[in-house]
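**Q** Structure in structure tokens, see below.
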Amino acid sequence: MADETHKSPPGDRIAKVLARAGVASRREVERMVAAGRVAVNGKIIDSPALNVTGRDKLEVDGKPVEAAEAPRLWLYHKPLGLVTSERDEQGRKTVFESLPEELPRVVSIGRLDINSEGLLLLTNDGGIKRKLELPSTGWLRKYRVRVKGAPDEAQIAPLRKGIEVEGVRFQPMTVSIDRIQGANAWLTVSIREGKNREVRRAAQAVGLTVNRLIRVSYGPFQLGQLKPGEVSEVKGRVLRDQLGMASPAAADANDPSKSLAKRRGPTSKAVLRSRSSGKNRRKQP
């Protein structure tokens, strides 16, 4: 007879469930628990090492936790000058301050630095975020890159072989020289890892200074015709096909956060303008 003593308790860790319900990130939920802000079935808990199921009543700051929405994904054209973080110690404007009010709480998949622009993926689901960020998935990130000068094939050869910069090893990149334009050149660069400022740092290591960087795709998801500040939701069918996800109904049946309350949420438009860019809308590409 199998040993029953080592079976995991039913349900999911409370930090995971609350993160799925859009309360906060898992790490932030753990801090909330430590601060005595989270209750399960009417009792304040002091440790995040607790599994909960759909039968448990969860509260944060004395308020019932609403159910999670189905997993969703958005394409966002990040403009220059925005920081990809929820808050910035230097007081700079963030991506999340610039998103349409209609969006639920979302997190970014990867980052683009303040001087980079283009495609940034947003999701309301921590599982999607982890899946798309994992190096093992090897999804290609493609960039249009403008550099100062007129590089030749010999100069960019080390990028294609893989290069080490300040003790950090960057995997081989796919690099093509598209055109020389005045004092600059345009390159197309594709990478699979997406380490911190990888393209800029690798280019600098071979003597190239990047003065514009635009991410045009992340895996199968394309920037397309989205204008700076616009948001476009990926259709559920495309999301399931590309990520191999179960149907929303099947996901709901196995997700304790979906049983907390009746699922609700605004019906989002296909494409939304950022708050600062007016009310013009575009059809989903």
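Laboratory data are not the source of any read-out in this text; all were calculated from the coordinates shown. Predicted model, so just to flag it, every value in this text is computed and none were measured. We place every Cβ from the backbone using ideal geometry, glycine too, and count neighbours over all the protein chains shown.
**Q** Given a Förster distance of 25 Å, report the FRET efficiency between E164 and N115 from their Cβ-Cβ distance, rounded to the nearest 0.05.
**A** After rounding, the FRET efficiency stands at 0.60.
**Q** Rounded to the nearest 20 debye, what is the charge dipole size of the stretch 1-129 about its Cα centre when +1 sits on each Lys and Arg Cβ and -1 on each Asp and Glu Cβ?
**A** Here the size comes out at about 120 debye.
**Q** Compute the length gained on full extension between W186 and K63: take 0.36 nm times their separation in residues and subtract their Cα-Cα distance, giving the result in nm to one decimal.
**A** This chain segment gains 39.0 nm when fully extended.
**Q** If you take the beta carbon distance between A157 and S25 as r and set R0 to 35 Å, what does 1/(1 + (r/R0)^6) give as a FRET efficiency, to the nearest 0.05?
**A** Working: r = 41 Å, r/R0 = 1.17.
Computed FRET efficiency for A157 and S25 comes out at 0.30.
**Q** For every other residue with a beta carbon closer than 14 angstrom to the beta carbon of L243, add +1 if it is Lys or Arg and -1 if Asp or Glu, then tell me the sum.
**A** On the way: positive: R72, K129, R130, K131, K235, R237, R240; negative: D125, E133, D241.
Result for the local shell: +4.
**Q** Could you work out the relative contact order of the stretch 140-218? I mean the mean sequence separation of Cα pairs under 8 Å and 6+ apart, divided by the number of residues, in percent.
**A** Relative contact order comes out at 47 percent.
**Q** Now a separate question. Between the stretch 157-181 and the stretch 48-76, how far is it from one alpha carbon centroid to the other, in angstrom?
**A** 42
**Q** Subtract the Cα-Cα distance of D88 and A150 from 0.36 nm times their separation in residues, and report this length gain in nm to one decimal.
**A** Result for the pair: 18.7 nm of gain on full extension.
**Q** Something else now. As I understand it, the dipole of the stretch 140-218 uses +1 on the Cβ of Lys and Arg and -1 on the Cβ of Asp and Glu, about the Cα centre. Which of G167, L208, V189 lies farthest toward its positive end?
**A** V189
**Q** Follow-up question, since we're still on this one. Quick check of the Kirkwood formula: for the stretch 1-93, what is the inverse mean of 1/r over all pairs of different Cα atoms, in Å?
**A** On the way: mean 1/r = 0.0639 Å⁻¹.
Kirkwood hydrodynamic radius for the stretch 1-93: 15.7 Å.
**Q** Right, here's the next one. Under a point-charge model restricted to the Cβ atoms of Lys and Arg (+1) and Asp and Glu (-1), what is the dipole moment magnitude of the stretch 140-218 relative to its Cα centre, in debye to the nearest 20?
**A** Roughly 340 debye for the stretch 140-218.
**Q** To the nearest 0.05, what FRET efficiency results for R197 and K227 with a Förster distance of 25 Å applied to their C-beta separation?
**A** The value I calculate is 0.50.
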